[in-house]
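The values are calculated or read from the model by the stated rules, or taken from the named source; none is laboratory data. Since this is a predicted model, take the numbers as computed values, not measurements. In this analysis, Cβ positions are derived from the backbone assuming ideal geometry, glycine residues included, and neighbour counts consider all displayed protein chains. The protein model used for the area step is the full one, side chains on, heavy atoms only, and it has no ligands, DNA or RNA in it. Shrake-Rupley method; radii C 1.70, N 1.55, O 1.52, S 1.80 Å.
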Amino acid sequence: MKKNLWIMLSLVSVVLLLSGCTEFDQPISSESDGFWNEYIVWPLVSFIKLFADMFEGNAANYAFAIIIVTVIIRLIILPLTIKQVKSSKKMQEMQPKLKELQAKYSSKDAATQQKYQQEMMQLMQTSGVNPLAGCLPILIQMPILIGFYHAISRMNATPDAFELGTFLAVPLAEPSIIFAVIAGLIQYVVLMTGPAVDNPQMKIMMYIMPLMIVGFGIILPAALSLYWVVGNFVSVLQNLVIYKPWNKNKPDATDAKGAK
């Protein structure tokens with residue numbers, strides 16, 4: 001498991017390296033050099049510009065383009081999201097058996113821990129669970145989502161080529177407290193409609209993440225808050241279909257029988 005964790009962390013590091021954080025506020029054009037610019041950011045900028053041109057003459061043309069492209073990207077990565085959910089559910093179903101193994105091999109000596117690792121891997125193989133299956137979809141999504149985030153930011157840094165205009169009378173090139181608060185609220189709804197969380201640390205994150213988005217939204221262009229609002233709204237719809245949050249607090253059949 002430690003080996004898999006290091007593999008995941010290494011992949012995350014590579015993705016963050018490719019994301020070109022140092023160019024976050026730099027202008028973007030077809031002449032921008034580098035793999036990240038040529039194959040991730042500029043294609044996304046061109047895609048947004050394509051839809052913006054369809055609504056040319058409308059002050060909200062870039063807002064409509066951002067909304068459309070955000071939805072398209074979310075639909076493209078939907079199969080990866082579903083795969084990630086299935087893997088997470090399998091891991092949750094395995095938790096009781098994993099706890100039994102942990103209790104059986106509670107000793108910390110090397111021989112006992114080796115047996116624990118062997119039986120754990122055997123259990124995962126028989127259950128058809130791949131520890132990396134839930135991580136790889138996230139890692140595949142990261143370049144796309146970070147790239148889209150960069151595309152909007154760098155379009156805002158290139159006002160001569162891209163005039164982001166307004167949406168609902170809000171200038172997309174300037175920060176908007178209203179959009180930031182809405183983005184944070186929808187992020188909270190995303191977390192509440194997602195899978196049930198028992199880990200206290202994860203529950204704390206349910207409150208920290210929305211506040212972080214509000215904080216970033218207050219200082220970043222409103223176009224990015226709009227991206228968060230639309231993306232999180234799509235995530236809420238996905239959670240409603242996939243997780244069915246209204247069933248979270250319902251006792252299952254076995255619990256009901258036990259209560260009787």
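Is it true that Asp53 is over 30 Å from Leu123 (Cβ atoms), acidic (Asp, Glu) and assigned to a helix (DSSP H, G or I)? Here the answer is yes, as Asp53 does meet what is asked.
If I ask for residues that are among the acidic types (Asp, Glu) and within 24 Å of Met142 (Cβ to Cβ), which ones from the stretch 26-73 would you list?
Hits for the stretch 26-73 are Asp33, Glu38.
Set side by side, the residues Ile178, Ile204, Ile208 differ, and just one is touching a strand residue (DSSP E or B) at 6+ places or on another chain (Cβ under 8 Å), more than 23 Å from Asp53 (Cβ to Cβ) and without any contact (Cβ under 8 Å) to a residue 24 or more places away in the chain, which is Ile178.
Residues checked against (1) open to solvent by 70 Å² or more (accessible area, probe 1.4 Å); (2) modelled with pLDDT under 80; (3) part of a helix (DSSP H, G or I); (4) among the aromatic types (Phe, Trp, Tyr):
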{"position": "Tyr62", "(1), (2), (3), (4)": "no, no, yes, yes"}
{"position": "Val71", "(1), (2), (3), (4)": "no, no, yes, no"}
{"position": "Pro79", "(1), (2), (3), (4)": "yes, no, yes, no"}
{"position": "Lys90", "(1), (2), (3), (4)": "yes, yes, yes, no"}
{"position": "Glu93", "(1), (2), (3), (4)": "yes, yes, yes, no"}
{"position": "Glu100", "(1), (2), (3), (4)": "yes, no, yes, no"}
{"position": "Glu119", "(1), (2), (3), (4)": "no, no, yes, no"}
{"position": "Pro131", "(1), (2), (3), (4)": "no, yes, no, no"}
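Scanning the stretch 22-36 for residues that are without any contact (Cβ under 8 Å) to a residue 40 or more places away in the chain and surrounded by fewer than 12 Cβ atoms within 10 Å (Cβ to Cβ), which turns out farthest from Glu163 (Cα to Cα)? Taking the candidates together, the pick is Phe35. Identify, by number, the condition in (1) open to solvent by less than 20 Å² (accessible area, probe 1.4 Å); (2) within 19 Å of Glu163 (Cβ to Cβ); (3) not β-branched (Val, Ile, Thr) that Gly57 doesn't meet. With (1) open to solvent by less than 20 Å² (accessible area, probe 1.4 Å); (2) within 19 Å of Glu163 (Cβ to Cβ); (3) not β-branched (Val, Ile, Thr) applied to Gly57, the lone miss is (1). Evaluated against (1) open to solvent by 40 Å² or more (accessible area, probe 1.4 Å); (2) closer than 17 Å to Tyr149 by Cα; (3) part of a helix (DSSP H, G or I), Lys83 falls short on exactly one condition, (2).
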